[in-house]
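Participant: Structure in structure tokens, see below.
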Amino acid sequence: MRISNKTVDDVVREVAGEDVVPLVNLIKKRKNISEFKIAEMMNVNVNVVRNMLYRLYNNSLVSFVRKKDKKKGWYIYYWTFIEKRVGILLEDLKKKKVDKLQERLGREKSNFFFSCQNGCIRLDFEKAMDYGFKCPECGSLMQQEDNVKKIKDLESEIEKLSESKNKKTVKKKKTKKR
């Protein structure tokens, strides 16, 4: 499965941080590139590059080979980006998002919520009762919130994520049959 550059950037941004995207773009099409070479190309300290590479490594997005420098006696690491892993990670991220959204949907359906008219805060019934249905920030009376729209939005978002996940599964199954 071919993954777009935007998808690679989005996944890297989500799991390792915005600052790691330029590093990935540098090493994406190369194999076994030295961390010192990467630091030189990015014009940053090698320790900063190592930190970024370790964040990628923790998500299995890079692999490394370790070789000993004969002159200095220390180890030099050569890194390679694993593009295949992006697709797997993307599916894992979608599954986690769906799980979180379903958890939130359950809370929305099973609770009554109260909000401040000034938009300061939103509390469930128990916490609103603890504050005497008065906003803890501005003191105004809290009103019961109609969360039907939030529930519909959450259901819609869950459906979208589930559909995109199912489409990819169907495509994979179709290609395997051929």
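No value in this document is a laboratory result; all are computed from the given coordinates. Quick caveat: nothing in here was measured; it's all calculated off a predicted structure. Positions of Cβ are backbone-derived with ideal geometry, glycine not excepted, and every protein chain shown enters the neighbour counts.
Participant: Evaluate the relative contact order of the chain (contact order divided by residue number), counting alpha-carbon pairs under 8 angstrom at least 6 apart; express in whole percent.
Facilitator: Once normalised by length, the contact order is 16 percent.
Participant: With each run of n ≥ 4 DSSP H residues scored as -39500 (n - 2.57), what mean residue ellipticity at 222 nm is computed for the chain after dividing by its residue count and rounding to the nearest 500 deg cm²/dmol?
Facilitator: -19000 deg cm²/dmol
Participant: Under 11 Å from the Cβ of S156, count the other residues' Cβ atoms, weight Lys and Arg +1, Asp and Glu -1, and hand me the total.
Facilitator: -1
Participant: Return the subset of K29/K68; K31/K71; K6/K28 for which the Cα-Cα distance in this structure is over 18 Å, preserving the input order.
Facilitator: Those over the limit are K29/K68; K31/K71.
Participant: Where the only charges are on Cβ atoms (+1 Lys, Arg; -1 Asp, Glu), what is the dipole of the chain about its Cα centre, to the nearest 20 debye?
Facilitator: I would put it at about 2000 debye.
Participant: Straight-line reach only, C-alpha to C-alpha below 20 angstrom: list the aspartates and glutamates that K100 could link to, leaving out same-chain residues fewer than 8 apart.
Facilitator: Result set, ordered by chain and number: D10, E14, E91, D92, E108, D124, D153, E155, E157, E159, E163.
Participant: Residue farthest toward the positive end of the dipole of the stretch 5-82, with Cβ of Lys/Arg at +1 and Asp/Glu at -1: which of W79, M52, V15?
Facilitator: With unit charges placed on the Cβ atoms, the residue in question is W79.
Participant: How much net charge surrounds S63 when only other residues with a Cβ under 12 Å from its Cβ are counted (Lys, Arg +1; Asp, Glu -1)?
Facilitator: +3
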